[in-house]
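First up is the structure itself, then whatever we jot down about it.
Each value in this text was obtained by applying a stated rule to the coordinates, not by laboratory testing. Here the structure is a predicted model, which is why all the values come from computation and not from measurement. Glycine also receives a Cβ, built like all others from the backbone with ideal geometry; neighbour counts cover every protein chain displayed.
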Amino acid sequence: MTEPMQMKTPAVAAAGGPATAADVAAIEGLEIVVRSQWWYARHRFLRHRLAMIGLIGLVIIFGAGALANWVAPYSFEQIDLNNILHGPTTIGHHYFGTDEIGRDYLSRVIYGIRTSEEVGLVVAGLSTVLGLTVGSLAGYYRGWIDNVIMRITDLVLTLPVLVTLLTVAALLAGKGSKWTIIFILAGFFWTPIARIVRGVFLSLREKEYVEAAKAVGAGDLRIMFRHMLPNTLGPIVVNGTLAVADAIITEAFLSFLGFGIKPPTPSLGSLVAGGEANPQDWWLTVLPGLVLVLIVICVNFVGDGLRDALDPQQRRVRA
Amino acid sequence: MLTYIARRILYSIPVLVASSFISFTFVSLAGNPLANLRANPRVTPETINHFIRLYHLNQSILVRYWYWVKSIFTQKLGVSLLTGQPIWPDISTAIGHTLQIILLAQLIALLLGVAVGIYSAIRQYSVFDYSFTTISFLGYAMPTFWLALLLQIAFTDIYLDWHVRIFYTSGLNSGTIGSNWSMDRLQHIALPVITLAVVSFALYSRYMRASMLDVINSDYVRTARAKGLPERRVVMRHIVRNALIPIATVSALQFGALLAGAIVTEQIFTLDGMGYYFFNRLTQNDTYAVMAYLMIVAVSIIVFNLIADIAYGFLDPRIRYD
């Protein structure tokens, strides 16, 4: 495997400076390719076999959820009285069977994916943006805002997340809509991201290039978002990705205990819970749970791939 | 070391006060403990007013919080607002049951996890390593409630189809009262123990493998090999002993987490443990009982975090606290 040659700017070679790699390569007739860090990251990611498997799996599962109105053979509340509690079968295209009042289970699972996917993606997005803003402010300015944030994260750490979530969800249970759950989850998920960003910012603010930017006269916001933020993107992207799986599992946990999204909207957690009453009809529990596990595994694969790809220390391209 | 412990404990007191006040506010606002009484047409308004005065429900949250704090210290975690019974006897039985399950699960998970981790690291990239990596990855990705339900369904179906009772799928005993250690009890708690053990096993085997691989490449292991020590002695005395240090920390943290996190497992297998107690009282708006649970969990998490840190300093002499 040959390492692709790198060249900072073509202008250096043209300016007639000392012989660079580009000059040598030009004499030898080799092609010079200018490759950015992003090129390397993308290349490493696309070559990461597990990450690609995970990405394809996610596109299929989330795609089915997003296009639920077109993909699902039935609506999630349509009742087929001829097939009640029927196992997986091709009769009437009930590939995942039907539930105890004859609703097509494949359609319910697909609509459940849609709910879970919305919760996962929105919670990950919201908490990343919130954690990023708060964490960068805390790390850059330090002082009281830093103190407040560290105390809040300390509080969140004392009480186990699930228990606190249940208590808060019980408080808001009457309103049990999708958005209540999303806001509750995002309210808990931003703290680890803020901690990470704060840590990176604390070390970055002492770097020479930040000092240089200050010397040139760049404003605080420009330094934070133009100079420092791109250098924190690696851990943030990885954490944001893993937060999708975390949020989906946590929502499933809340819905399973009846504190999550209220029926008739199916979510993967409430579908698994619905199967508890019918132990002999295995498909009611097994199938939605299997989808849940697949989502988590795929998200983890993609997260691992991103972690390997976005690590700037790594120049190795996976074969 | 003593000053370090004292400082940690002192530091955790304001955190406890703040978190207990926040959760007290949430739990009190979540619902009215007298909702059942109000719904009963035979209860007169005078009775309800009596209870409102008795429980200070007409006061502000701050005053109610103060009364609760007083009851914690004077009445051993207070009296249930729902039944009027003291909380401590109920919750201590529940803690006993939870501890029994968690201790068994942790023991199994630790023994298996450490053994598998050691072997995977020694035979890195072997079939054994790959298959256990896959298994622990699955165990990690599986939501606890799904695993618990799968086990429950499997053993219910075995009983219904073939009339063999291997493990019971709910409750703690067959009769109303049973002893703590009997065959009957073991058959009842086997499935929840397996559920919790699988999750912890995935964690421990991963950690053990990673920390073994860290140690294997260190200089003193090479020195030990160069001295001509037998491979068995190098592995057991030089590698494993040092690789176990992070496991001590992780298992202390996991123990604290399990104490709180067994809610779903206990709910599914209807075990009268702490999580079951908490969840039932939460749905019935029993403020004081819920708070008692939250406080026990918060204190034990703080204690286990402290134990983890102390154990780390004790096992690894390179770490010094001051």
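Sequence-ordered 3J(HN,Hα) estimates for the stretch B:269-282 from the Karplus curve with 6.51, -1.76 and 1.60 and θ = phi - 60° stand at 8, 5, 9, 6, x, 5, x, 5, 4, 4, 5, 5, 5, 5 Hz, glycine and proline given as x. Remark: mean inter-chain Cβ contacts per residue of B:149-158 equal 4, using a 10 Å Cβ-Cβ cutoff to other protein chain atoms. With the alpha-carbon atoms of the stretch B:65-206 aligned to their principal axes, the span from lowest to highest coordinate is 61, 43, 25 Å, starting with the largest. Any chance you could check the Cα centroid distance between the stretch B:109-134 and the stretch A:181-202 for me, in angstrom? After rounding, the separation between the Cα centres reads 34 Å. Considered as an equivalent ellipsoid built on the Cα gyration tensor, the protein assembly as shown has semi-axes of 45, 32, 30 Å, the largest given first. Considering only B:Arg232, B:Arg165, B:Arg185, the Gaussian network model of chain B with Cα springs below 10 Å gives its largest mean-square fluctuation to B:Arg232.
Divide the volume of the convex hull around the Cα atoms of the stretch B:152-237 by the residue count and you get 155 Å³ per residue. What separates the Cα centres of the stretch A:41-119 and the stretch B:52-96 is a distance of 47 Å.
Each peptide among A:278-288, B:72-82 gets the average number of other Cβ atoms lying within 10 Å of its residues, and from highest to lowest they stand as A:278-288, B:72-82. Under a no-solvent Debye model with one identical scatterer per Cα of the stretch A:159-305, what's log10 I(q)/I(0) at q = 0.11, 0.12, 0.13, 0.22 Å⁻¹? Here log10 of I(q) over I(0) equals -0.58, -0.65, -0.72, -1.29. Convert 10 °C to kelvin, take the viscosity as 1.306 mPa s, use the Kirkwood radius over C-alpha pairs of chain B as Rh, and evaluate the Stokes-Einstein diffusion coefficient in µm²/s, rounded to a whole number. Roughly 70 µm²/s, to the nearest whole number.
Annotation for the stretch A:133-231: GluC sites (Glu not before Pro) lying in DSSP loop with at most 11 further Cβ atoms inside 10 Å of their Cβ are A:Glu206.
Pairs of Cα atoms nearer than 8 Å and 6+ residues apart set the relative contact order; for the stretch B:41-151 it is 8 percent. Legend: mean number of C-beta atoms from other chains within 10 angstrom of residue C-beta atoms, peptide B:136-142, equals 4. Computed across the stretch B:202-322, the Kirkwood radius stands at 17.2 Å (inverse of mean 1/r, all Cα pairs). Considering all different alpha carbon pairs of the stretch A:88-145, the Kirkwood hydrodynamic radius works out to 14.7 Å. By the Stokes-Einstein formula, at 1.002 mPa s and 20 °C, the stretch B:106-149 with its Kirkwood radius over alpha-carbon pairs has D equal to 188 µm²/s. Per residue of B:15-27, other chain Cβ atoms within 10 Å of the residue Cβ number 4 on average.
Would you calculate, for chain B, the mean residue ellipticity at 222 nm contributed by helices, counting each DSSP H stretch of 4 or more residues as -39,500 (n - 2.57) and dividing by all residues, to the nearest 500?
Estimated from H runs of four or more residues: -25000 deg cm²/dmol.
Contact order, relative form, for the stretch A:183-319: 22 percent (alpha carbon pairs under 8 Å, 6 or more residues apart, mean separation divided by residue count). Scalar couplings 3J(HN,Hα) for the stretch A:289-301, obtained by applying the Karplus form with A = 6.51, B = -1.76, C = 1.60 to θ = phi - 60°, are x, 4, 4, 4, 4, 4, 4, 4, 4, 4, 4, 5, 4 Hz; x denotes Gly and Pro.
Couplings for the stretch A:99-116, taken from phi via the Karplus curve 6.51 cos²θ - 1.76 cosθ + 1.60 with θ = phi - 60°, read 8, 5, 10, x, 8, 5, 6, 4, 5, 5, 5, 5, 5, x, 4, 4, 4, 4 Hz in order; Gly and Pro are left as x.
Taking a quarter of the surface of the Cα convex hull of the stretch B:229-291 gives a mean projected area of 6.2 nm². Projecting the alpha carbon convex hull of the stretch B:15-110 along each direction and taking the average yields 8.6 nm². Counting only Cβ charges, +1 for Lys and Arg and -1 for Asp and Glu, the dipole size of chain B around its Cα centre is about 840 debye.
The angle separating the long axis of helix B:61-74 from the principal Cα axis of greatest extent in chain B is about 70 degrees. Comparing the stretch B:262-315 with the 2.2 N^0.38 Å rule of thumb, its C-alpha radius of gyration ratio is 1.44 (two decimals). Global dimensions of the stretch A:51-208 from alpha-carbon coordinates: Rg and Dmax equal 21.6, 73 Å. Per-residue Cβ neighbour counts within 10 Å put B:Arg225, B:Arg281, A:Arg49 in the sequence A:Arg49, B:Arg225, B:Arg281, beginning with the fewest.
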